[in-house]
Amino acid sequence: MEDLYVIAGLGNPGSKYEGTRHNAGFDVIDVLVDKYRLYDAERFGKCMMAKGRIEGKRVILMKPMTYMNLSGEAVREVVSYFKADPSDHLIVISDDIELDIGKLRIRKKGSAGGHNGLKDIIRCLGTDAFARIRVGVGKKPHPDYELMDFVLSHFTKEERPVMDQAEEKAAEAVVCFITEGPDAAMNRFNTPKEKKKKIKKAAAAPEEKAAEGEESLPAFERPEEGAAEEEKRDRGL
């Protein structure tokens, strides 16, 4: 039987959420719909979906209509009904506030990283072994900024063109993934990680200087705040 790929873009339904940071996954689906003219969308269970072909490959483009934190219910319905193996025929596209705006991160599997949509998909499928394309939407402007308010905010005038390009690039990554494989997509579209910079250790006061013969070891930057606080703050919208 011919392979079928399920491509799920995450977001929240409704006009009030259109164009927000949390709806980056929906926006990438829209790019694919327009590029490949897959306009015959239909309601299927808890999602909207369009079936067709991308570069000769059978695909289902889907948007869960459950709101973000119940995305797994819609994804499970589709992969179960169409008998798609999540480990190699499911691609989930989501926003990521830990990535700089416009950057991409593709993985074959992995944890939810504090993203409630991904967390619910993992819960419903019973596995984290499915591909995901994360689209960077920028980090909170201030540590005290409420996470929910940030992810539901719209992009600034300066940010919007960067996101438009990122969404086009994410759509290209999807095409590369299903035609050339995940490794090719990761090699071509993943944004290289920046190396941690070493910081020279400040000279100690005379009375605090190391004893003669001891070496001063370089200090390193503290790691950035991890996903735990994200998950604590994220209310699923």
For 21, 107, ascending order of other Cβ atoms within 10 Å (fewest first) is 107, 21
One would report the antiparallel percent of DSSP beta bridges in the stretch 1-146, rounded to the nearest 5, as 50 percent
Using alpha-carbon positions, the gyration tensor of the stretch 111-190 gives root eigenvalues a ≥ b ≥ c; with a/c under 1.5 called rounded, otherwise prolate if a/b exceeds b/c, else oblate, the class is oblate
Non-local residues with an amide H under 5 Å from the amide H of residue 44, with H modelled 1.01 Å from N and Pro and chain starts lacking one, are 49
Put in order of increasing Cβ neighbours within 10 Å, starting from the fewest, 142, 154, 115, 22 give 142, 154, 22, 115
For the stretch 1-88 the GluC sites (Glu not before Pro) that pass both the DSSP coil test and the at-most-16 other-Cβ-within-10 Å test are 2, 18, 55
Given backbone amide H placed at 1.01 Å from N, residues whose amide H is under 5 Å from that of residue 130, ignoring those fewer than 5 places away on the same chain, are 110
A correct fewest-to-most ranking of 163, 68 by other Cβ atoms within 10 Å would be 163, 68
Here, chymotrypsin sites (Phe, Trp or Tyr not before Pro) of the stretch 32-97 satisfying both criteria (DSSP loop; at most 11 other Cβ within 10 Å) are 39
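Quote to one decimal, in nm, the extra length available between residue 148 and residue 53 on full extension: 0.36 nm per residue of separation minus the C-alpha distance between them. It would help to have the intermediate numbers written out before the result.
Details: separation 95, 0.36 × 95 = 34.20 nm, distance 3.58 nm.
Length difference between fully extended and current span is 30.6 nm.
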For residue 140 and residue 40, extending 7 Å from Cα along the Cα-Cβ vector and measuring point to point gives, in nm, a value of 4.6 nm
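Answer rounded, prolate or oblate for the stretch 2-89, using the Cα gyration tensor with square roots of eigenvalues a ≥ b ≥ c: rounded when a/c is under 1.5, else prolate when a/b is larger than b/c, else oblate. If you can, show how the numbers build up before the last one.
Details: a/c = 1.90, a/b = 1.26, b/c = 1.51.
Oblate, because a/c is 1.5 or more while a/b does not exceed b/c.
Please label the shape of the stretch 112-156 as rounded, prolate or oblate, based on the square roots a ≥ b ≥ c of the eigenvalues of the alpha-carbon gyration tensor (a/c under 1.5 means rounded; beyond that, a/b larger than b/c means prolate, else oblate).
On the way: a/c = 2.95, a/b = 2.18, b/c = 1.35.
Prolate is the answer for the stretch 112-156, as a/c is 1.5 or above and a/b outweighs b/c.
Read-outs throughout are calculated quantities, based only on the coordinates presented, and are distinct from any laboratory measurement. Small disclaimer: the values here were computed from a predicted structure and weren't measured. Reconstructed Cβ throughout: ideal geometry from the backbone, glycine too, with neighbour counts over all protein chains shown.
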